[in-house]
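Peer 1: Could you have a look at this structure, given as structure tokens, before my questions?
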Amino acid sequence: MAKLKPFKSGPVTARSMPFWCVANELGDPFGKTVLEHLPSTEVCKIICEAAADGLIEMTSFHDGDLVPWDPKKPEDDLDKKSEAYGTLQEIKGMLKEAGLTVNTATCSLHTNPLFRRGGLTNPDRKIRELARKKVERTLRIGNMLGAKYFTYWVARDGFEVSVKVPWKNVHQWMADALDGVFDYIQANKLTNYKGGTIEPKPNEPRGHMFLPTSGHAVGFICGKLKNADFWGVNPELLQHESMTLLNALNTVSFLVSTGKLFFLHFGCQIKGQFDNDFPPLVGPEGLKETVQMFWLLDELRWKGVVEYDSHMLRCEGDPDDQIGCRRKFVRNASTALTVALELADRLKGDWAKDLDESEADILGIMKMCGLSEKAMADKTRKK
Ligand code: GLO
Ligand code: MG
């Protein structure tokens, strides 16, 4: 079994590359997939290779990224003769051999059409029951692979038509299901879990989602969950909060101050657009906000895992080099994080103290870009 060198840089204690990001086939609403489906063990190989290359230390998965789900066999993971059990054991062996640990296990309640009206808040009691069983199976899979967290992404729990929403119940259904996660972990002594996270998102795949922002998620945890200390938030920055024009520094400082920033999903985004899921630092905007976000996390003494949640640009998918383009994507994500952390480091110190806002912002850019203040002043005044 490989022992990975720990990654410690600024606020970041480990870099995680999830299965679903490497596996992404790059379909979008206007075009077919560019890449082929890879079996989960093949995806795992790419992830393990990246660990051996010193690019990542952790990974994460949805249940469905590893093994298919059959609603008629809700406990196939426990059956040692099942195909699911075999695949999970194979993946467990590969991850162990590579020295990779698992950040979070999350239950896909968004892909299967059964959940088209929602997962935890589906108006049909039978479908909510199915979602509960699927979540419990995911918790067991996460236990088998040693996941540190369980994540609930709000996904299809939302609406398009307001007058059809069972408003009196939805928040309670969500709370009951998440309290159920805590109870299941306790009852089955799944001691691998140190917490659960909620990942908020304003819209997409639903027109509106029930926990649209990090503020909603914290309010929900503290106001409605029985074991609020167990639960935190993993915001997706820049993407999810930027979709509604919110600012990443405002989000992380709020979450750190409430003790709820458990880990970070990281990628790039054009403000106000649909979920771009651009790779970290890639795309026409977001550099300043990303760098300042890492600077602030360091200032606030936060330490934690950064998980890349994005996919390569669709135009970069190479049908002739299915593995190679995926390898490149992983490498680029980790390179971008290194760049962001290095640039954030340049902002350290109290140089802004005696400056007014505009001066501080411009000097901050000079510092970030490694430009000399004197050279810029000379050029400006044409001396
Ligand atoms: C989509 C979300 C999604 C979650 C994942 C983990 O917009 O970012 O990818 O992060 O399902 O729960
Ligand atoms: Mg995410």
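The values are calculated or read from the model by the stated rules, or taken from the named source; none is laboratory data. Since this is a predicted model, take the numbers as computed values, not measurements. Neighbour counts run over all protein chains shown; Cβ positions are idealised from the backbone, glycine included. All accessible areas refer to the heavy atoms of the entire protein, side chains included, with ligands and DNA or RNA removed. Shrake-Rupley method; radii C 1.70, N 1.55, O 1.52, S 1.80 Å.
Peer 1: Taking V34 as the residue in question, decide whether it is of a type in the set (A, V, I, L, M, F, W, C), closer than 19 Å to D318 by Cα and touching a residue at least 24 places away in the same chain (Cβ under 8 Å).
Peer 2: yes
Peer 1: What are the pairs, 6+ residues apart or on separate chains, where a residue within the stretch 56-67 that is within 16 Å of ligand 2 (Cβ to nearest atom) has its Cβ under 7 Å from a residue that is acidic (D, E)?
Peer 2: Within 7 Å, the pairs are S60/E307.
Yes/no per residue for (1) more than 22 Å from E75 (Cβ to Cβ); (2) charged (D, E, K, R); (3) at pLDDT 95 or above; (4) in a loop (DSSP other than H, G, I, E, B):
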position	(1), (2), (3), (4)
N103	yes, no, yes, no
L114	no, no, yes, no
G119	no, no, yes, yes
R132	no, yes, yes, no
V135	no, no, yes, no
W167	yes, no, yes, yes
H171	yes, no, yes, no
L190	no, no, yes, yes
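Peer 1: Out of the residues in the stretch 228-243 that are assigned to a strand (DSSP E or B) and closer than 16 Å to M209 by Cα, state the one that is nearest to ligand 1 (Cβ to nearest atom).
Peer 2: E236
Peer 1: Can you find, within the stretch 20-40, the residue that is farthest from D321 (Cα to Cα) among those that are part of a loop (DSSP other than H, G, I, E, B) and within 16 Å of ligand 1 (Cβ to nearest atom)?
Peer 2: P29
Peer 1: Output the residues belonging to the stretch 56-85 that are within 19 Å of V102 (Cβ to Cβ), open to solvent by less than 30 Å² (accessible area, probe 1.4 Å) and part of a loop (DSSP other than H, G, I, E, B).
Peer 2: Residues satisfying the conditions are I56, E57, V67.
Peer 1: Name the residues in the stretch 184-205 that are touching a Lys or Arg at 6+ places or on another chain (Cβ under 6 Å) and open to solvent by less than 40 Å² (accessible area, probe 1.4 Å), would you?
Peer 2: Scanning the stretch 184-205 gives no hits.
Peer 1: Working only within the stretch 244-269, note down all residues that are outside any helix (DSSP H, G or I), within 16 Å of ligand 1 (Cβ to nearest atom) and in contact with a strand residue (DSSP E or B) (Cβ under 8 Å, 6 or more places away or on another chain).
Peer 2: L261, F262, F263, L264, H265, F266, G267, C268, Q269, listed by residue number.
Peer 1: Residue check: is M293 open to solvent by 10 Å² or more (accessible area, probe 1.4 Å), free of Cβ contacts under 8 Å to residues at least 60 places away in the same chain and within 16 Å of ligand 2 (Cβ to nearest atom)?
Peer 2: Details: open to solvent by 10 Å² or more (accessible area, probe 1.4 Å): no; free of Cβ contacts under 8 Å to residues at least 60 places away in the same chain: yes; within 16 Å of ligand 2 (Cβ to nearest atom): yes.
Against the criterion (open to solvent by 10 Å² or more (accessible area, probe 1.4 Å), free of Cβ contacts under 8 Å to residues at least 60 places away in the same chain and within 16 Å of ligand 2 (Cβ to nearest atom)), M293 does not qualify.
Peer 1: Sticking with this structure for a sec: Within the bounds of the stretch 90-108, is there any residue that is under 26 Å from L211 (Cα atoms), open to solvent by 30 Å² or more (accessible area, probe 1.4 Å) and out of contact with any helix residue (DSSP H, G or I) (no Cβ under 6 Å at 6 or more places or on another chain)?
Peer 2: The first filter runs over the stretch 90-108 and keeps only residues under 26 Å from L211 (Cα atoms), leaving 102-108.
With the extra rule that they be open to solvent by 30 Å² or more (accessible area, probe 1.4 Å), the set shrinks to none.
Within the stretch 90-108, not a single residue is under 26 Å from L211 (Cα atoms), open to solvent by 30 Å² or more (accessible area, probe 1.4 Å) and out of contact with any helix residue (DSSP H, G or I) (no Cβ under 6 Å at 6 or more places or on another chain).
Peer 1: Something else now. In this structure, does I365 turn out to be over 21 Å from A52 (Cα atoms), of a type in the set (V, I, T) and either under 21 Å from the mean Cα position of the chain (by Cα) or assigned to a helix (DSSP H, G or I) (or both)?
Peer 2: In short, yes.
Peer 1: Moving on to the next point. Given (1) within 16 Å of ligand 2 (Cβ to nearest atom); (2) of a type in the set (D, E, K, R); (3) open to solvent by 10 Å² or more (accessible area, probe 1.4 Å); (4) not in a loop (DSSP other than H, G, I, E, B), where does E307 come up short, assuming only one miss?
Peer 2: The single condition E307 does not satisfy is (3).
Peer 1: Pairs only if they're at least six apart or on different chains, beta carbon under 6 angstrom, first in the stretch 172-197 and more than 22 Å from S60 (Cα to Cα), second among the polar types (S, T, N, Q); list them, first residue then second.
Peer 2: W173/T121; M174/T121
Results for (1) within 15 Å of ligand 2 (Cβ to nearest atom); (2) closer than 23 Å to L178 by Cα; (3) at pLDDT 95 or above, shown as yes or no for each residue.
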| site | (1), (2), (3) |
| --- | --- |
| E204 | yes, yes, yes |
| F262 | yes, yes, yes |
| G267 | yes, no, yes |
| Q273 | no, no, yes |
| E285 | no, no, yes |
| W302 | no, no, yes |
| L313 | no, no, yes |
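Peer 1: Only one residue in A344, A352, A333, A340 is in contact (Cβ under 8 Å) with a residue 12 or more places away in the chain and touching a strand residue (DSSP E or B) at 6+ places or on another chain (Cβ under 6 Å), so which one is that?
Peer 2: A333
Peer 1: Next up: Within the bounds of the stretch 134-156, is there any residue that is over 18 Å from the mean Cα position of the chain (by Cα), free of Cβ contacts under 8 Å to residues at least 24 places away in the same chain and surrounded by 14 or more Cβ atoms within 10 Å (Cβ to Cβ)?
Peer 2: Within the stretch 134-156 (the criterion being over 18 Å from the mean Cα position of the chain (by Cα), free of Cβ contacts under 8 Å to residues at least 24 places away in the same chain and surrounded by 14 or more Cβ atoms within 10 Å (Cβ to Cβ)), the answer is no, since none of the residues qualifies.
Peer 1: Right, here's the next one. Pull up the stretch 3-19, narrow it to residues that are away from ligand 1 (no atom under 16 Å from the Cβ) and of a type in the set (A, V, I, L, M, F, W, C), then point me to the one that is modelled with the lowest pLDDT. Break it down stepwise before answering.
Peer 2: Going through the stretch 3-19, the residues away from ligand 1 (no atom under 16 Å from the Cβ) turn out to be 3-14.
Those left that are additionally of a type in the set (A, V, I, L, M, F, W, C): 4, 7, 12, 14.
Details: L4: 91, F7: 95, V12: 98, A14: 98.
Result: L4.
One line per residue, one yes/no per condition, for (1) in contact with a Ser or Thr (Cβ under 9 Å, 6 or more places away or on another chain); (2) assigned to a helix (DSSP H, G or I); (3) aromatic (F, W, Y):
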site: M94; (1), (2), (3): yes, yes, no
site: L139; (1), (2), (3): no, yes, no
site: A147; (1), (2), (3): yes, no, no
site: R156; (1), (2), (3): yes, no, no
site: L178; (1), (2), (3): no, yes, no
site: D183; (1), (2), (3): no, yes, no
site: Y193; (1), (2), (3): no, no, yes
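Peer 1: Now for a different question. Quick one: how many residues across the stretch 109-127 are hydroxyl-bearing (S, T, Y) and crowded, with 24+ Cβ neighbours inside 10 Å?
Peer 2: The qualifying residues number 1.
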